[in-house]
Amino acid sequence: MRFSSNFLAQAASALLLSSGCQAASVQRRADTCNGYSELCDRSYGNVSFVGAHNSYAVDVNNLFANQDYDVTQQLKDGIRLLQLQVHNNNNVLQLCHSECSFYNGGTLEDYLKKVKTWMDANTNDVVTIVIVNSDGFAASDFASVYESAGVSDLSYAPDQSTVTYESWPTLGMLVDNGKRLVSFLASGADFSSVPYLIDEFTNVWETAYDVTDTTFDCEVNRTKGDSGTQLYMINHFLDKLVLGTPAPDISKANLTNSVSETGGLGIQSDTCTAQYGRPPNFMLVDFYEYGGGSIFEVAATNNKVEYTASSIATPKPTSSSSSSSGSGDGALALGVPGLWVSLLCTIFGVGAGMILVV
Ligand SMILES: *[C@@H]1O[C@H](CO)[C@@H](O)[C@H](O)[C@H]1NC(C)=O
Ligand SMILES: *[C@@H]1O[C@H](CO)[C@@H](O)[C@H](O)[C@H]1NC(C)=O
Ligand SMILES: *[C@@H]1O[C@H](CO)[C@@H](O)[C@H](O)[C@H]1NC(C)=O
C-alpha cells in the first residue's frame, strides 16, 4: 500500500493537532490563585498565608474567644488558614476552646460545611486547615466528618507522608485539580488510611505560642522533623495572664497585627525571614480584622505581590474599649458570669459543670 505524501502530511498534522488539543486541556491553567496571578506558578511551600487562630472561637467580651467574626467572614476578608481545636463532646467532634464547658463553637461538621460553601463559590482559592486533636480522635473519625461535610473530595493528599517545603505542588496545580483544601493534623495522622490528613509536625514547625512578650522570637519551638526543610508557622497572637491563665490581649491587637509597630506581625515576619532566608508559610493571628488589613499587607510583602487594601470587617466594640482608649491594660471584660466561674474552676481544679449547675 502506498500513501501520498499529501496524505501523510495531513495525518501528521491531524496527529499534532489532536495531541496539541489534549495538551491544552491538561494544561488548563488557573489565571488567578488566592487573588493573585503571580501565585499560580508558586509552590504551596513558597507562599505566605495568614491564618485565624482558633477560627471557630468567635465572641465579644469572652476570655475564650479569639475572633470577632465567623469563618465565612474570615474567608471573605482573606484568611486562608484556619486553625481549630477539636474536642470529644459525647463522641461528637466538637470545636471547643480548652473545654466544651468553657467555649463550645459547634460541631466540626457544621464548620466544615461553611468552609465548603465558601470554597464552592471561590474555586480559585487554596485553603489550609490546621487541627489540634485535643482528645485523640483517630484519623478515620476525622475522615468520616470530612466526608459528611463534603470536603474530602476537595482535599489534597500528597504522594508521601513527608513533603519538604520545596516539593509542594503549585497553587495553580491544586486549583486545576480541584484539590484545594490542605489539612494538617497535629497528632493522630495516619498516612496509610487517610492520606489527606497530613501529619503537622513532620511537615511544619512552629514558633512558641501563648506568648505574653511582644518580642515574638523565631526559635523552633515544636517540630518532629527537620526544620530546615519543613514549612513553618509563626504564632503571632499576644496573650496576657488573667488569673494566671493566658488570654488574648485584645487591647494590643492593633499593634500586634501591625506591619511595623512594636510587637507587630511585620516585625516578627521580617525577623524570621532574615533568620531562615525565607518568610513564614503560615502566620496565625487573633482578631484578624484589627489593623484594618495590616496582616494581609505583611503576607503580600512576603509573597512579593502588590497589596491592595480592600474593605474588611471592622473590630466589634468591647465593653472596655469605650472606657479606656488604648491605655494598654483595658481589662478583658467577661460578659458571661459563668466564664469567671469556669476560670476559677480551672485554677482550683473543680469540675466546672458541677459548679455552673449550682
Ligand atoms: C519564595 O522563594 C524565593 C526564592 O527562593 C524566595 O526569595 C522567597 O522569599 C520565597 N517566598 C516565600 C513566601 O516563601
Ligand atoms: C517553647 O516555648 C515555650 C514558651 O516560650 C517554652 O517554655 C518552651 O521551653 C519552648 N520549648 C522548646 C522545645 O523550645
Ligand atoms: C484599633 O484601631 C481602630 C482603627 O484605627 C480603632 O478604631 C480602635 O479603637 C483601635 N482599637 C484599640 C483597642 O486600640
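Any chance you could list the semi-axes, whole Å, largest first, of the equivalent ellipsoid that the Cα gyration tensor gives for the range 153-295, using √(5λ)?
Result for the range 153-295: semi-axes of 29, 17, 16 Å.
Sort out for me the Cα centre separation of the range 48-71 from the range 194-218, rounded to whole Å.
A separation of 17 Å, based on Cα centres.
How much net charge surrounds Phe191 when only the other residues with a Cβ under 12 Å from the Cβ of Phe191 are counted, with Lys and Arg +1 and Asp and Glu -1?
That sum, taken over residues with Cβ under 12 Å, equals -3.
Please arrange Ile79, Ile295, Ile267 by how many other C-beta atoms lie within 10 Å of their C-beta, fewest to most.
Going from least to most buried by this count: Ile267, Ile79, Ile295.
Along its three principal axes, how long is the range 28-312 when you only count alpha carbons? Whole Å, largest extent first please.
Result, largest extent first: 46, 43, 38 Å.
Just add up the charged neighbours of Ser148: K/R +1, D/E -1, any other residue whose Cβ is under 13 Å from the Cβ of Ser148.
Here the charged neighbours net out to -3.
By average Cβ neighbour count within 10 Å, what is the ranking of 305-315, 197-207 from highest down?
Values: 305-315: 12.9, 197-207: 22.2.
Peptide ranking by packing, descending: 197-207, 305-315.
Among Ile234, Trp118, Asn281, whose Cα sits farthest toward the positive end of the charge dipole of the range 28-312 (+1 at Cβ of Lys/Arg, -1 at Cβ of Asp/Glu, about the Cα centre)?
Trp118
Can you tell me the relative contact order of the range 28-312? Whole percent, Cα pairs under 8 Å, sequence separation 6 or more.
Rounded, it is 20 percent for the range 28-312.
Can you give the extra length, in nm with one decimal, that the chain gains between Thr214 and Thr314 once fully stretched, where that is 0.36 nm per residue apart less the Cα-Cα distance?
Here the answer is 33.7 nm.
Above 13 angstrom, tally the Cα pairs of the range 173-232 and express them as a % of all pairs, no decimals. Display every interim value, and only then the final one.
Values: 1208 of 1770 pairs.
For the range 173-232, the share of Cα pairs beyond 13 Å comes to 68 percent.
Just for the Cα atoms in the range 37-117, what are the lengths along the principal axes, largest first, rounded to whole Å?
Projected onto the principal axes, the Cα atoms of the range 37-117 cover 45, 29, 22 Å.
Using 22 Å as the Cα-Cα cut-off, could you pick out the over-long pairs in Lys224/Lys304; Lys179/Lys224; Lys116/Lys179; Lys76/Lys116; Lys114/Lys179; Lys76/Lys224?
Too far apart for the 22 Å limit: Lys224/Lys304; Lys179/Lys224; Lys76/Lys224.
Between Ser43 and Thr245, what is the label-point separation in nm under the 7 Å Cα-to-beta-carbon projection?
4.3 nm
Principal axis lengths of the range 150-208 from Cα atoms, whole Å, largest first?
Taking the Cα atoms of the range 150-208, the three principal extents are 33, 25, 21 Å.
Kirkwood hydrodynamic radius, the range 62-212, all distinct C-alpha pairs: what's the number in Å?
Value: 16.0 Å, from the Cα pair sum.
Where a number appears in this text, it was derived from the coordinates with a stated rule and is not lab data. None of these values were measured; they are calculated from a predicted model. Note: ideal-geometry Cβ built from the backbone for every residue, glycine included; neighbour counts use all protein chains shown.
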